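Each remark here refers to the structure printed beneath this line.
Bear in mind that the values in this text are calculations on the coordinates, not laboratory data. Here the structure is a predicted model, which means the values were calculated and not measured. Glycine also receives a Cβ, built like all others from the backbone with ideal geometry; neighbour counts cover every protein chain displayed.
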Amino acid sequence: MIQRLIANKDLNQVKVQQIYEEIERLYPKEATVTSKNIPYNIKALYYSPRRNLKTHKELVASLVFKSYDKKNLDFMADFAMRAGFYAGAVMSSPVYLKKEKTLYTFNRSPFAQAKSKQNFIKVEKKIKIDIFDTAPEALDLLFSYIMKYPKHAVSMTVQNYSRQTLEGSFVDGLPSNKYMAEALQNDELYQQIEPLAKSELAKQLLHNEETGNVSIEAGESESMQKLIEEKANEILKNNKDMQKLMKEEGETK
């Protein structure tokens, strides 16, 4: 603006007082509004970020910022703390994690100095912020707001923690249990043991173990002996069939 003022008029016609007035207009020494009219969120920028109080101290998420520049890293940590306060998240104070150093080796030049190397070290700095006692909706709001206004050369990683009860059919619906059931159905040993485990004799043995009565009647011992002999014969037969099948496969090869 001052350059325009001087360019539009001849330098001899411009008075020093006009230049002073233009400088005072563009760069006032005092604020044009009183401190009472300043919004609360603007005043809070001159103080450290406020934090909500913990209630149950249950960790729900961990937020880690990574960058090679300390200024950008501190800025994003401060921005996340202030955004988390207004989003209703309970956040811990930022903690600096251990630095990661990476060594890069390059040739000094492609021709004359190709054999001489030059080393560069990159130091990656990290800041971790833990989040406690926060609803999933507030977490989604906070993370989406941080991702909407990112800082250059700063990456963010989030680790969520969820808790669920083991009551009802939750355990039966786990993927690991479904895969285990399919694997057991294809297992030959399990197919042989399953009828024995579901027999009346096995139930009687479990009942005796719970009640402390270890004795077995004569009729039960005879039935148990017969069942063991039958299963032993089936196992021997299966082993012979497997050996025969392996020999046939070896001959074909």
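Too long at a 18 Å Cα-Cα cut-off: which of K99/K148; K70/K151; K54/K126; K70/K99? Don't skip to the end; give the middle numbers.
Values: K99/K148 27 Å; K70/K151 12 Å; K54/K126 24 Å; K70/K99 11 Å.
Long pairs (Cα-Cα over 18 Å): K99/K148; K54/K126.
Which of V158, L141, L103 sits farthest toward the positive end of the charge dipole of region 53-160, with +1 on the Cβ of Lys and Arg and -1 on the Cβ of Asp and Glu?
Towards the positive end, the residue furthest out is L103.
Sorted by packing (mean other beta-carbon atoms within 10 Å per residue), highest first, where do 125-134, 64-73 land?
125-134, 64-73
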